[in-house]
Amino acid sequence: SLAFKCLQRDQLLAPDGTVFDYGCGHGEDITRLRTLGMNCDGWDPAWRPNGLKQVADVVNLGYVLNVIEDVDERTAALREAWNLCQKILVVAARIVVGGWGKAEVEYGDGILTQIGTFQKFYTQAELREYLETTLGTDALPAAPGVFYVFGDATLRQQFLTTRYRRRSSNC
């Protein structure tokens, strides 16, 4: 997934660290990360309901917020994922890009797709504001629709320093 590609690019997946995929779907990312030697597990209400929700260094909340219709349930999922993370929470959500995310059937604060599923599309700024307001801390953009929320201040500072060096060397 895009979130894990960002984590790998930014060297935020420690080989000896733990990863938990909150809302893992069928578990494709878990399988891929395990083949890379990562200690990874996940939970999903539909596909892995018996999986244990567990604390991990890195918690992924990938494309979960945009499929939860109920605003309170959406916020509860975000807070629960945040409470499971020891170092970093990575959040990915569908964003409005060039007309995507527009539909004729509005439902709550999102839309009903052609196949009858709910989708909440965010703008990049709206997603960031939602994360920061709900969690009470900064959310740093990793890619369009992907944010890092650091629970570990040292790791956050290392990331920011690396990002600054990477940008300044590209000038």
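The values are calculated or read from the model by the stated rules, or taken from the named source; none is laboratory data. The structure presented is a predicted model; accordingly, all values stated were derived computationally and were not measured. Don't worry about glycine lacking a Cβ; one is built from the backbone with ideal geometry, like all the others, and counts go over all protein chains shown. Note: areas computed on protein heavy atoms with side chains; ligands, DNA, RNA excluded. Shrake-Rupley method; radii C 1.70, N 1.55, O 1.52, S 1.80 Å.
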Out of the residues in segment 66-87 that are touching a residue at least 60 places away in the same chain (Cβ under 8 Å) and either in contact with a helix residue (DSSP H, G or I) (Cβ under 6 Å, 6 or more places away or on another chain) or open to solvent by less than 70 Å² (accessible area, probe 1.4 Å) (or both), which is nearest to THR137 (Cα to Cα)?
TRP82
With the requirement that a residue be crowded, with 16+ Cβ neighbours inside 10 Å and at pLDDT 95 or above, what does segment 50-61 give you?
ALA56, ASP57, VAL58, VAL59, ASN60, LEU61
Scan the helices (runs of 4 or more DSSP H) fully inside segment 71-171 and keep the ones with 3 or more residues being more than 28 Å from GLN11 (Cα to Cα) and modelled with pLDDT of 95 or more.
71-84
Considering segment 123-153 alone, what residues qualify as being within 14 Å of the chain's Cα centre (by Cα) and of a type in the set (A, V, I, L, M)?
LEU127, LEU131, LEU135, ALA139, LEU140, ALA142, ALA143, VAL146, VAL149
Look at segment 30-49 and say how many of its residues are assigned to a helix (DSSP H, G or I), open to solvent by less than 30 Å² (accessible area, probe 1.4 Å) and not β-branched (Val, Ile, Thr).
1
Subset of segment 31-75 (residues that are more than 19 Å from GLY116 (Cα to Cα), among the small types (Gly, Ala, Ser) and over 16 Å from the mean Cα position of the chain (by Cα))
GLY37, GLY51
